[in-house]
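**Student:** Below are the structure tokens for one structure; questions will follow.
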Amino acid sequence: MDHQQPPWSVSGSSQSPRSPSSQPYLHVSVIDPVKLGNGVQAYISYRVITKTNLHEYQGPEKIVIRRYSDFVWLHDRLFEKYKGFFIPPLPEKNAVEKFRFTAEFIEMRRLALDIFLNRVASHHELQQSEDLRTFLQVDEAVMERLRAHENGLFKKPAELMQIFKDVQSKVSNVVLGKEKPVEESNAEYEKLKHYIFELENHLAEAQKHSYRLVKRHRELGKSLSDFGKAMKLLGSCEGDSLGKAFSELGAKSEVVSVRLQKEAQQLLMNFEEPLKDYVLAVQSIKATIAERANAFRQHCELAETMKLKEINLDKLTLTRSDKMREAETEYNQLKQANEEAKRRYDDMVRLMNEEIVRFQEQKTLDIGVAFHNFANGQARLANNIADAWRSLLHKLESC
Amino acid sequence: MMGAENKGHDHEEAHLYASKEEMESLVLDKHPLSGNSNGNSNFFSSYRSAMSSSLPDSHHPLSPSAASAITTDSDPLLSPPPYPELHGPSSHDNSYIKPPNYADFIFTPFDGEDNKGLESPSPSSANSPTSFSRSSSSNSEYIRITVSNPQKEQETTNSIVPGGNTYFTYLITTRTNIPEFGAAEFSVRRRFRDVVTLSDRLAESYRGFFIPPRPDKNVVESQVMQKQEFVEQRRVALEKYLRRLSEHPMIKKSDELKVFLQIQGKLPLPTSTDVASRMLDGAVKLPKQLLGDGTVVPHEVVQPAKGGRDLLRLFKELKQSMVNDWSGSRPPVVEEDKEFLEKKDKMHDLEQQLSSSSQQAESLVKAQQDMGETMGELGLAFIKLTKFENEEAVFNSQRARALDMKNFATAAVKASRFYRELNLHTVKHLDTLHGYLGLMLSVHSAFTDRSSALLTVQTLLTELASLQMRSEKLEAASSKVFGGDKTRIRKMEELKETMRVTEDAKSVAIREYERIKENNRTELERLDKERHTDFLSMLKGFVASQVGYAEKIANVWGRVAEETSGYVKESI
């Protein structure tokens, strides 16, 4: 199956894949969906092809087999490691059971996964991710182990911070008598949060109607086809020129009906899906917002705890207690942790500000393309329909 | 709902020059067609209510009245721009399709909600546009009937309950140049019961003709429909019915119709309750008839036995029909007209196909309606997004996007309107199918008239045969007695008298049967011819409106495609 470049998404750094010693490139594609397994455990596997001249990679070309949960693994790793960045959204996990293996759904998902991977590969930071390299290169057995490990009940704490995050927050909350989580009070950021949350609602509604519009095209096509058939039969009662006219009407109705069905499919792929993608992207930003809130809270809590420890240390220093050494070590650790937390938080803020600019620009472009495709499709459809009926009209006039 | 439609009419109309905010409310307003399918499983009635609530009868842009009545107070969503389409042979003369751009010629331009030149006045006004009578007669006679001004009235007499029964009357105005009417314009007030009477009397007088079916009595107290709605529906239906009557070449000249349209006060036609009481009279007479005292009144056989006074005749004909069906012996006269039998089969086929076409037309109309609605809702969603992005904009990219969304939304709302306008036209044209389906009832009645007349003939022939046998028996018996038998001779004379009367009745019945056969034949010819014309018209109209609106929709989206073409170049 030929790789279909997503029509509405910027692909990025995929020029001249074969010119030697040229600019660095990383070209990825997701193709060839294949159904594997049986019954409830059936799933779709995809071929992921990487073409690159980057030295971090094992070679100019690599092909691996991946499934949806592998993509989820990659997505989750990126989300954990690249806080502040808007990680490209994955297509939704759950699908109604009976649609899970329809050709339409499989193709839509393949396309969405391809878009996801391409977006990661063309993101200036994310493309350098080690997890991405892992995803693109390790063999299936290794991938399976990684995936199972990650999805297991007990996640291995990635950093020291994990411990502090869980325990310290509880302690300091009790100590400080705070029940509510600490939140940033930044008017601009508040505005952004409000914007993101509202935007999701509006987009979801637009997406809902565009999905319905796809259905309407199909329904109109079907009813026109049925109507044409009935008219043909009616014509057979009439005979001579009138009967012929009915018959021609029936034939034309069928032509128009087919055209409508085609357009329904186009609408789905070129408009509804991009809208859905937009919704998912906004949801991904919401997740980043949550992460930033976490980072902020951590930073605040650590700062508080550090202050307490400082006070305690001073006390111990004065009394020349033998606990002083221990307390000093602890304090230094905390100080370091606090600095790191602050740095992480500041990074996130900076990154988010950059990302939001990029996001808005990208989305204007994406939606512009989607509008263009929609309008083009509708104009073409209408013109085809007009042509079809017009030719019939000429015939009818001579009746 | 019709009341609501009237209000909605003005409301929507005020929004014709809408800004984008007002477009929201415009799209959200319940369109008369959209609100009408109240889960009503009877597709015929819901369809008809949808259709009748929004459209005047066929109107012709070249007709003198329409040309001068250029009102600007009509909303294209309620009444379509004038569509040059006619019932009747005269439509052949007008080449109403001028290539290449049907959109411009047929439909008034819709850009920027410009409603200049929209000609059709509101359908709910008292002066609804006329239907062009399908007049094929050379002297261009016409008759225009309008039904308007429903009024509530009180039942004054015989009301046991104080404040008793109320009913509605309708003002029926006729304009005509037919000399037999003796006046050019006149009005009467009639109630629905009068229409039923008219219809029943016509059925009796015009046996064998395809008489347009009258509107349903519709006794059902629909909770969903308000009285106002019901009355309006009925008014429209009555108007349609009377117009159809006035288009029928024979009926338009009938006394019954004339009397109905002209005579003030109480309708001077015997009501059907009077007819029913005849049955009671008949029950009183029966014992006398059985004792041999009843005489056949020859001219009564021009009426079917059913509904008449003569119960005995009813029984005899019933017996005859059973003999016909079960005895295996050929009745004295049968339907021999091969051509007729073929035609009858054809009518049966036609009816079936009409029924299924009618249903599919319903579905098509609904699908077009849904398409328009959803397109509108999509547009609306993007209008909201536009507003939102503009209010919250921090970056220029957002403002640019908001502008794109606005253009897109505007186009979607326009397209939505086009779909709904198209649907009004589609409904109007495809209504021809429903109309002819309804006419099948008339055809059935006419064929029934024929078969019951035949049955009367058969019965009388059988009767005569048996009378003849009795006569011969009597003769044989009395000849054996010399000098004659006074009683027998008297009996024979009575018998001869009965036979003479029955013979007369038989002649009348045969004449009637032949007359009805002829009526059937001419009506079938007329039906075929008119149906041919009307169907062709329907097909042309349907297709032309599809072309016209497809062109308009293509224009709207073509512009958006152009405006956004920059994005595609950028992203390659």
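The values are calculated or read from the model by the stated rules, or taken from the named source; none is laboratory data. From a predicted model like this one, the values you see are computed outputs, not experimental measurements. A quick note on method: Cβ atoms are made from the backbone with ideal geometry, for glycine too, and the neighbour counts reach across all protein chains shown.
**Student:** Report, ordered by the first and then the second residue, all pairs with beta carbons closer than 8 Å, sequence separation of six or more or different chains, a first member in region A:382-395 that is over 18 Å from B:PHE418 (Cβ atoms), and a second member that is modelled with pLDDT of 95 or more and among the small types (Gly, Ala, Ser).
**Tutor:** Note: pairs meeting the criteria are A:LEU393/B:ALA544.
**Student:** Return yes when A:LEU334 is in contact with a Gly (Cβ under 9 Å, 6 or more places away or on another chain), more than 14 Å from chain B (Cβ to nearest Cβ) and either part of a helix (DSSP H, G or I) or modelled with pLDDT under 90 (or both) and no when it is not.
**Tutor:** Criteria not met by A:LEU334.
**Student:** Please enumerate the residues belonging to region A:364-391 that are under 18 Å from the mean Cα position of the chain (by Cα) and more than 7 Å from chain B (Cβ to nearest Cβ).
**Tutor:** A:ASP366, A:ALA370
**Student:** Within region B:407-455, work out how many residues are among the polar types (S, T, N, Q) and within 14 Å of chain A (Cβ to nearest Cβ).
**Tutor:** Number satisfying all stated conditions: 6.
**Student:** Follow-up question, since we're still on this one. If you check A:GLY228, A:GLY250, A:GLY235, A:GLY243, which single one turns out to be part of a helix (DSSP H, G or I), without any contact (Cβ under 8 Å) to a residue 24 or more places away in the chain, more than 7 Å from chain B (Cβ to nearest Cβ) and crowded, with 22+ Cβ neighbours inside 10 Å?
**Tutor:** A:GLY235
**Student:** Among the residues of region B:387-400, are any more than 17 Å from A:LEU203 (Cβ to Cβ) and surrounded by 24 or more Cβ atoms within 10 Å (Cβ to Cβ)?
**Tutor:** The answer is no; no qualifying residue exists.
**Student:** Sticking with this one: Filter region B:381-402 for residues that are within 50 Å of the chain's Cα centre (by Cα) and more than 8 Å from chain A (Cβ to nearest Cβ) and give the result.
**Tutor:** Selection gives B:ILE383, B:THR386, B:LYS387.
**Student:** Let me ask something else about it. If only one of B:ASP345, B:ASP349 is within 8 Å of another protein chain (Cβ to nearest Cβ), within 21 Å of B:THR522 (Cα to Cα) and either modelled with pLDDT under 95 or not in a helix (DSSP H, G or I) (or both), which one is it?
**Tutor:** Every option except B:ASP349 fails the conditions.
**Student:** Sticking with this one: When B:PHE535 is evaluated against the numbered criteria (1) within 8 Å of chain A (Cβ to nearest Cβ); (2) over 30 Å from B:MET250 (Cα atoms); (3) in contact with a Ser or Thr (Cβ under 8 Å, 6 or more places away or on another chain), which criterion, by number, is the only one it fails?
**Tutor:** (2)
**Student:** Working only within region A:352-363, note down all residues that are at the interface with another protein chain (Cβ under 8 Å from one of its Cβ atoms) and either surrounded by 23 or more Cβ atoms within 10 Å (Cβ to Cβ) or among the charged types (D, E, K, R) (or both).
**Tutor:** If the condition is that a residue be at the interface with another protein chain (Cβ under 8 Å from one of its Cβ atoms) and either surrounded by 23 or more Cβ atoms within 10 Å (Cβ to Cβ) or among the charged types (D, E, K, R) (or both), then A:GLU361, A:LYS363 are the ones that fit.
**Student:** Could you go through region B:510-527 and let me know if any residue there is at pLDDT 85 or above and farther than 29 Å from B:ASP200 by Cα.
**Tutor:** So far as region B:510-527 goes, no, none of its residues is at pLDDT 85 or above and farther than 29 Å from B:ASP200 by Cα.
**Student:** To continue, here is another question. Quick one: is B:GLN360 in a helix (DSSP H, G or I), at pLDDT 95 or above and more than 9 Å from every other protein chain (Cβ to nearest Cβ)?
**Tutor:** No, not satisfied.
**Student:** Looking at region A:372-391, is at least one residue at pLDDT 90 or above, of a type in the set (Gly, Ala, Ser), touching a Pro at 6+ places or on another chain (Cβ under 9 Å) and in a helix (DSSP H, G or I)?
**Tutor:** There is no residue in region A:372-391 that is at pLDDT 90 or above, of a type in the set (Gly, Ala, Ser), touching a Pro at 6+ places or on another chain (Cβ under 9 Å) and in a helix (DSSP H, G or I).
Table: residues versus (1) surrounded by 14 or more Cβ atoms within 10 Å (Cβ to Cβ); (2) of a type in the set (S, T, N, Q); (3) more than 9 Å from chain B (Cβ to nearest Cβ).
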| residue | (1), (2), (3) |
| --- | --- |
| A:GLU183 | no, no, yes |
| A:GLU190 | no, no, yes |
| A:HIS194 | no, no, no |
| A:GLU200 | yes, no, yes |
| A:GLU205 | yes, no, no |
| A:HIS209 | yes, no, no |
| A:ARG212 | yes, no, no |
| A:HIS217 | yes, no, no |
